[in-house]
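Notes for the one structure printed next.
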Amino acid sequence: MDIQVIIDNLPLYLQGLRTTIVLVISSLLVGLCLAIPIALLAASKNKWASALPKAYIYFFRGTPLLVQMFMIYHGMGQFEAVRASFLWVIFQEAWACALVAFALNTAGYTGEILRGTIEQTPYGEVEAAKSCGMSNAQIYRRIILPSTFRRALPAYGNEVIFMLHGSSLAGLITIVDLFGAAKIVNARNFVPFESFIAAGLFYLAITFMIVWGFKKAEHHWHAYLRPRES
Amino acid sequence: MSQVVAYFPLILKGMLLTVEVALLSLLIAVLLGLIGAVARLSKSRIARGIAGTYTTIIRGIPDLVLMTLIFFGGQILVNDIGEKMGLDYIDVDPFIAGVLTIGFIFGAYFAESFRGGILAVARGEIEAGHAFGMTPLQVFSRITLPAMVRHALPGIGNNWLVMVKTTALVSVIGLQDMVYNAGLAGGSTRKPFTFYCVVAFLFLVITGFSDVGMRWLDKRYSVGVRKA
């Protein structure tokens, strides 16, 4: 083990760490914004309304993230219409391609998580809201969605970790994230053990922090489910 | 369209490799998973510690990092050992490296599913086995294992689907699976989107068949269980 190589390249790793964190947080935010309407439509009883979002979820959960990312990064240039439009400015950037792929992917997974929890909302809660005279929109905003987010918390924690791990694919399309940094260090010094283990430790540390954060969040948001402390 | 037809055999060849990698990794993962689950439930503190560290590390590090680590690192390790033994340069086969890595990664996930399944087996059945004078190994292979599969099956199914998708990563270490071949076909026809779409569809075909298989397994292992 040659730790000196890692210490010398620490700035590169830290730059990669920053890219990874920014990439994961922005794709999660965009993905969540997309996931809410997808989940609401997929959970609807109207077959026509739920068909398209369900197909979306099926596709993004059923195919590898790598293929989805390549479809956007390598694939978009195939279309003359894309190359001629302003979209080409976006899809020329590896960074933007990764962000779009990750956001669409996590929207599929998060959509499925939320769909499940929306459908499992205890009907009594909805009934109570109806008998209080709330409109449909009010029921969604005040009752169903808050309760859904609470119950989706543990599953969403797993999805965040999954997204963190998936984000390492960005290193394959020239982005210098944690994995990309490790790849560069390995290529320059030919130290596969040191370079990839260092990246692995960074990922491990972030994973622990996410797990810890969600534990805290569940402690807060699931307070009413905790057994009473005597 | 005619280009898709022309390159379809190449993609199908890749698909065969994808399925091969997935099935062989499944074999390794199930073996490691059983060992891991038994270790996590054992009375020995050391065994529990090792199994716990294994699952934590695997679940905390991305598959891609582990795969490149084992592929490139394994090459150096093999070279060092080979040099000491006075052998010629040995190439690490990407197929073996890929299968080992994916099996190693998913062993950790299977261990968790199996652990849950073993815990769900009725205590009395295991005690009855012991009372009949079976050895611990006999109790495990005759009673715990078959009874546990039913409880572990949903977890196994999920892990298998994730595993099939993870096999796409072997294209990164140069294995010519269907993602790799789609890249080749897309490059020479300048239609990468079309070929990645074909591959995505083929992945959905594999998962579709897996669903049918899982339903069959579920039926087979739930014989004698009454459902409402």
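The values are calculated or read from the model by the stated rules, or taken from the named source; none is laboratory data. Predicted, not measured: the structure shown is a model, and the values here were computed from it. FYI the Cβ positions are ideal-geometry reconstructions off the backbone, even for glycines, and counts take in every protein chain you see.
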Odd one out for residue B:102 among (1) over 17 Å from residue B:164 (Cα atoms); (2) within 14 Å of another protein chain (Cβ to nearest Cβ): (1)
All helices (runs of 4 or more DSSP H) inside the range B:122-228 with 1 or more residues being more than 20 Å from residue B:42 (Cα to Cα), at pLDDT below 90 and within 14 Å of chain A (Cβ to nearest Cβ): B:145-166, B:178-189, B:192-221
Filtered residue count, the range B:158-175, keeping only those that are surrounded by 18 or more Cβ atoms within 10 Å (Cβ to Cβ) and either among the small types (Gly, Ala, Ser) or more than 18 Å from the chain's Cα centre (by Cα) (or both): 2
The range B:67-89, residues that are surrounded by fewer than 20 Cβ atoms within 10 Å (Cβ to Cβ) and among the hydrophobic types (A, V, I, L, M, F, W, C): B:76, B:77, B:78, B:81, B:85, B:87
Conditions (1) surrounded by fewer than 16 Cβ atoms within 10 Å (Cβ to Cβ); (2) over 24 Å from residue A:29 (Cβ atoms): number failed by residue A:142: (2)
All helices (runs of 4 or more DSSP H) inside the range A:62-134 with 3 or more residues being crowded, with 17+ Cβ neighbours inside 10 Å: A:65-73, A:94-119
Every residue from the range B:185-215 that is crowded, with 19+ Cβ neighbours inside 10 Å and of a type in the set (Gly, Ala, Ser): B:185, B:186, B:200
Given (1) over 28 Å from residue A:69 (Cα atoms); (2) within 13 Å of another protein chain (Cβ to nearest Cβ); (3) of a type in the set (D, E, K, R), index of the condition residue A:142 fails: (2)
